[in-house]
Amino acid sequence: MRRSKGNHRAIWLRHLVKIREYGGPTTPEAVAEIGPGDALGIGIAALLSGARRHFTLDIVPGADSVDRRASRVFVQAVKER
């Protein structure tokens, strides 16, 4: 599935709705994402909505293309919430 840049939050919220429908927690302790490529938007949405950890699993190293400085700024912002 190809994801456009603007809908990561909407996708994450749809996942939370489904999790709730099946009796799961709406604020999971950890989130694992399979095949995110260089798109970290769903993981960011998960962290901002209360998940404490986010793991990505991908056969292609996509995170290498993520700006390291932007990643550090984001991590600091999440820690301060």
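The values are calculated or read from the model by the stated rules, or taken from the named source; none is laboratory data. Just so you know, these numbers come straight off a predicted model, no measurement behind them. As a convention, Cβ positions derive from the backbone with ideal geometry for all residues, glycine included, and neighbour counts pool all protein chains shown.
Residues that are surrounded by 13 or more Cβ atoms within 10 Å (Cβ to Cβ) and in a helix (DSSP H, G or I) within segment 14-47 comprise H15, L16, I19, G41, I42, G43, I44, A45, A46, L47, listed in sequence order.
In segment 11-47, of all residues being modelled with pLDDT of 85 or more and of a type in the set (D, E, K, R), the one that is farthest from K79 (Cα to Cα) corresponds to E21. Does segment 48-60 contain any residue that is more than 23 Å from K79 (Cα to Cα) and not charged (D, E, K, R)? The answer is yes; a qualifying residue exists.
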